[in-house]
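Take a look at the structure below.
The values are calculated or read from the model by the stated rules, or taken from the named source; none is laboratory data. Since the structure is predicted, the reported quantities are computational estimates derived from the model, not experimental observations. So basically every Cβ, Gly included, is an ideal-geometry build from the backbone, and we count neighbours across all protein chains shown.
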Amino acid sequence: MAVLQVPKTCPAGVVVNEGPDFHVEVEEVPVPVPGPNDVLIRLNATGICYSDIHYMLNDLPIPAMSTFSVRSPGHEGAGVIVALGSNVTNWKIGDRAGIKPAYDACFNCELCWTGRETYCDESPQIGLQFPGSYQQYVLSPARYTSRIPEGVDDFSAGPIMCSGSTIYCSLKESGLRPGDWAVFPGAGGGVGHMGVQLAKAMGMRVVGVDGGEEKRALCMKLGCEAFVDFEKVKDVAEEVVRICDGKGAHGVFVTATSASAYASAPLMTRISGKVMCVGLPPAGTAIAGADPLLFVGKNLQIIGTKVGSLLDTERALEFAARGLLKPICEVFPLAQMPEAVKKLQSGKVAGRVVVDFNA
């Protein structure tokens, strides 16, 4: 096993009192040792995703982090390879690498063979079933680790591993074409603001839906043709339809997690429109759907998409390398990771929160 400058312990943000009253503390934890097929990555940056909040709140219908003895969530890490397992030949020490929400896959089933490996039954989640990117040194299976291209810094690459890849996947699966109207409830958030950029780069006409002047300014800067402020507009869906030629959106990408965002999305679409479900509300708090009469009358489709695949992640990173995708990040030093988590939980973040392990 090749090794380079690996300490015995490393700093990590860990969840304390998992559940509704959780908080995060930074403490030293043991550095893991790579197995034969693993790489060890020293992270320079990690994005903080609202899925992490869900895991720490334990408000999704899945087993808790503690079930797997995991204390550090996180799945948007970027850094360098510092140790290789004995069987690893496709990486070398010093290579730049990133980790994504899916930890691995079986690569021996139809889903894996068709590029849908994140739905594989043997695709566990990092930061839930394995220690995640809130921990500075993390393991990753060599075959499922993503390469970071030149021209993409770690503070961009980290968030793209989840948010950028996830919304790229949803845009791809929507089938929208250049010139189509793409609407993003939650456009000023971590996933939404990258969706705005990618949709714009793909030639779509983009409408942002969110609340507040800070998010309006961000969305318009990133390429929205129009912005609807739900704090000021009485009937958001009606205003979206008006903007979209009076017919409605070809696709509504719900990156927000509120019940109201999901309830209004079908009303924003035109005939044969699509509602793309991306944001994860707490279990039992929202419904993605509408009266069947609306489905019939509009030939409406509602589609859920999960995190992006290996290829989706590579494609999203390519957009970044070409200068067409740039996560807008508020960077916190490691010691302020607990404050960063609280700020995201409060819903007061425009763009993405990223933690700098070296600050």
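Any idea which residue in region 210-242 is surrounded by the most Cβ atoms within 10 Å (Cβ to Cβ), counting only those that are more than 19 Å from K326 (Cα to Cα) and in contact with a Phe, Trp or Tyr (Cβ under 6 Å, 6 or more places away or on another chain)?
Here is the first cut: in region 210-242, the ones more than 19 Å from K326 (Cα to Cα) are 210-213, 226-242.
Still in the list and also in contact with a Phe, Trp or Tyr (Cβ under 6 Å, 6 or more places away or on another chain): 211, 236.
On the way: G211: 17, V236: 21.
The extreme case among them is V236.
I need a count of the residues in region 155-193 that are in a helix (DSSP H, G or I) and either free of Cβ contacts under 8 Å to residues at least 12 places away in the same chain or within 15 Å of the chain's Cα centre (by Cα) (or both). I'd like the intermediate steps shown before the answer.
Our first condition is that a residue be in a helix (DSSP H, G or I); within region 155-193, this holds for 155-174, 192-193.
Next, only the ones that are either free of Cβ contacts under 8 Å to residues at least 12 places away in the same chain or within 15 Å of the chain's Cα centre (by Cα) (or both) stay: 155-171, 192-193.
Counting residues in region 155-193 that are in a helix (DSSP H, G or I) and either free of Cβ contacts under 8 Å to residues at least 12 places away in the same chain or within 15 Å of the chain's Cα centre (by Cα) (or both) gives 19.
Which condition number in (1) in contact with a helix residue (DSSP H, G or I) (Cβ under 9 Å, 6 or more places away or on another chain); (2) buried (at least 20 other Cβ atoms within 10 Å of the Cβ); (3) assigned by TED's automatic domain parsing to the domain that holds R71; (4) not hydroxyl-bearing (S, T, Y) is the one that Q345 fails?
Against the list (1) in contact with a helix residue (DSSP H, G or I) (Cβ under 9 Å, 6 or more places away or on another chain); (2) buried (at least 20 other Cβ atoms within 10 Å of the Cβ); (3) assigned by TED's automatic domain parsing to the domain that holds R71; (4) not hydroxyl-bearing (S, T, Y), Q345 comes up short only on (2).
So, of the residues in region 14-26 that are in contact with a Lys or Arg (Cβ under 9 Å, 6 or more places away or on another chain) and either in contact (Cβ under 8 Å) with a residue 12 or more places away in the chain or not in a strand (DSSP E or B) (or both), which turns out to be surrounded by the fewest Cβ atoms within 10 Å (Cβ to Cβ)?
Step one: list which residues in region 14-26 are in contact with a Lys or Arg (Cβ under 9 Å, 6 or more places away or on another chain), which gives 14-16, 18, 23-24.
Subset that is either in contact (Cβ under 8 Å) with a residue 12 or more places away in the chain or not in a strand (DSSP E or B) (or both): 14-15, 18, 23-24.
Values: V14: 22, V15: 24, E18: 19, H23: 13, V24: 22.
Checking each candidate, the answer is H23.
Limited to region 41-53, what total is found for residues that are crowded, with 24+ Cβ neighbours inside 10 Å and out of contact with any helix residue (DSSP H, G or I) (no Cβ under 9 Å at 6 or more places or on another chain)?
1
Exactly one of these conditions fails for A256: (1) farther than 30 Å from I62 by Cα; (2) crowded, with 16+ Cβ neighbours inside 10 Å. Give me its number.
Checking A256 against (1) farther than 30 Å from I62 by Cα; (2) crowded, with 16+ Cβ neighbours inside 10 Å, the one that fails is (1).
Just to be sure before I move on: is S133 in a loop (DSSP other than H, G, I, E, B) and either modelled with pLDDT of 95 or more or touching a strand residue (DSSP E or B) at 6+ places or on another chain (Cβ under 7 Å) (or both) in the structure I sent?
yes
Contact list please: Cβ distance under 6 Å, first residue in region 331-344 and closer than 16 Å to Y137 by Cα, second residue among the aromatic types (F, W, Y) and not in a helix (DSSP H, G or I), pairs at least six apart or on different chains.
If the second residue must be among the aromatic types (F, W, Y) and not in a helix (DSSP H, G or I), the pairs left are L334/F357.
Checking C112 against (1) surrounded by fewer than 21 Cβ atoms within 10 Å (Cβ to Cβ); (2) on the phi < 0 side of the Ramachandran plot; (3) in contact with a strand residue (DSSP E or B) (Cβ under 9 Å, 6 or more places away or on another chain): exactly one of these is not met. Which one?
Result: C112 fails condition (3) only.
Quick check: anything in region 237-258 more than 20 Å from the chain's Cα centre (by Cα) and polar (S, T, N, Q)?
no
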